[in-house]
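Shown next, in structure tokens, is the structure this report addresses.
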Amino acid sequence: MTLNNRTFTLLKIVLLIIISIFIAEIIVLPKIEHDMLQEAGRQELVTVQQICGAVLENYPDVEQDFILGLRQPTNSLQEKGEQILKQYGYDEEHLLADNTLYAAYMIAWRNWTGFFLVTTFLLLAAALLYFYSTIRSSNKEILLILEQYLSEDFSFAYGTERIVKGRIHFMSNQIGDRLKQLGHQIVTKNTRITEEKESTKALVTDISHQLKTPMAALKTCFYMYLDASDADEKTEFLKRSETQLEKLEQLIASLMNISRLETAMISLTKESILLSDLLVDAVNGVYEKARRKSIEISVQETENITLHLDKHWTSEAVINVLDNAVKYSPRNSHITISIEKQHFYTLVKIKDEGIGIPQNEYNKIFQRFYRSNHSYVKQTEGSGVGLYLTRMILERQGGLIRVESVPEKGSTFILQFRN
């Protein structure tokens, strides 16, 4: 136990003792006053009895007048009796002074009253000292937290204990709780800023890596064009340069979309759309690529299902999945789109007959710029951003995407939309 805690404990004990004495005095003083009044009434009765006995013993014929004076007192009789008694020294002060019991009660009353006043003063002083000490202690805790703020040490923000325990410190605890909340917010914001810096660094690295290949190919085509002497060769290298520029343009557009989605610069505008119309638009977006590989795309007929989605970006998400299905499927294969309506969600399943995906890559394929090590993937042009964009678009609208696959037999991508 620290010295500060011992001081508080001692103060509490002293305060309890003084409060106990104070309560005892409150109980004792009324008792003393009651006994004094009772004794004064008894002495008055004794005096009346003495006077009555002395008078009636010598003058029994005035008994009726005496009783009448007691039962029906008047001012004139009181004044007459007071004058007679004063002649012999029997007044109020004389009678009380001769009463030793009354005098003892008076002394006790004075002592208890003085003790009561002293105890009240000590109680107030002890209470003020206790309040001062506890408030000072809580202020030290708050000052310590403020010093931690200045030194950027926010470890206190995760503590569960109050600044100071007890109801008396409600103000300090409110200030302390607020400081903890602010500290936690600062820690959260600092963590978020650090994560954003790391994410930005990773994005710059990934972009540099992705741009390196098409830029190198474009540079090669350009130098070969300059070195070519034949017109046909120049034309060929120009076409190759144009192809590389188109790939570079598509990659830059994808990177821009990723950046805008990650920074919430793109605002998804939801509207009521028919799912069948959305799928038709998506199929039309990849129809030409599928036709060149003689791949047939069939869509399951279903009831009119209305969803609340951003039509443009959701169509873009579905196109990315279909584009991958066409890209990694063999010629003369088949792609099937089926729909399953559930209570809370609607599932769109896109099944292909392509190269398939190993189970250990189920989550990786939805990461930014990830590409499989499969030999067919390495031979196929791609940036590794399509499925990542699809995941972001769906998640921003309360949906998700997952995959089920058998390697070398095909994959089924399941897009989940909220009803």
Return yes or no: is Ser315 among the small types (Gly, Ala, Ser), under 17 Å from Ile393 (Cβ atoms), touching a residue at least 24 places away in the same chain (Cβ under 8 Å) and not assigned by TED's automatic domain parsing to the domain that holds Gly410? no
Kindly evaluate Ile365 against the criterion of being assigned to a helix (DSSP H, G or I), out of contact with any Asp or Glu (no Cβ under 9 Å at 6 or more places or on another chain) and either without any contact (Cβ under 8 Å) to a residue 12 or more places away in the chain or not aromatic (Phe, Trp, Tyr) (or both). yes
Which ones in region 394-419 are over 17 Å from Ala317 (Cα atoms) and either within 38 Å of the chain's Cα centre (by Cα) or in a loop (DSSP other than H, G, I, E, B) (or both)? Pro407, Glu408, Lys409, Asn419
Within region 242-264, work out how many residues are at pLDDT below 75, on the phi < 0 side of the Ramachandran plot and surrounded by fewer than 12 Cβ atoms within 10 Å (Cβ to Cβ). 1
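Taking the criterion of being part of a helix (DSSP H, G or I), within 21 Å of Val283 (Cα to Cα) and among the β-branched types (Val, Ile, Thr), would at least one residue in region 375-384 satisfy it?
The answer is no; no qualifying residue exists.
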Positions within region 345-362 being assigned to a helix (DSSP H, G or I) and either surrounded by fewer than 17 Cβ atoms within 10 Å (Cβ to Cβ) or touching a Gly at 6+ places or on another chain (Cβ under 9 Å) (or both), in sequence order: Gln359, Asn360
Tell me yes or no: at least one residue of region 74-96 is in the same structural domain as Ile13 (by TED's automatic domain parsing), at pLDDT 70 or above and outside any helix (DSSP H, G or I). yes
In region 368-409, what residues are touching a residue at least 60 places away in the same chain (Cβ under 8 Å) and touching a strand residue (DSSP E or B) at 6+ places or on another chain (Cβ under 7 Å)? Thr390, Leu394, Gln397, Ile401
Of Arg391, Arg371, which residue is under 33 Å from the mean Cα position of the chain (by Cα) and not aliphatic (A, V, I, L, M)? Arg391
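The values are calculated or read from the model by the stated rules, or taken from the named source; none is laboratory data. This is a predicted model, so every value here is computed, not measured. Reconstructed Cβ throughout: ideal geometry from the backbone, glycine too, with neighbour counts over all protein chains shown.
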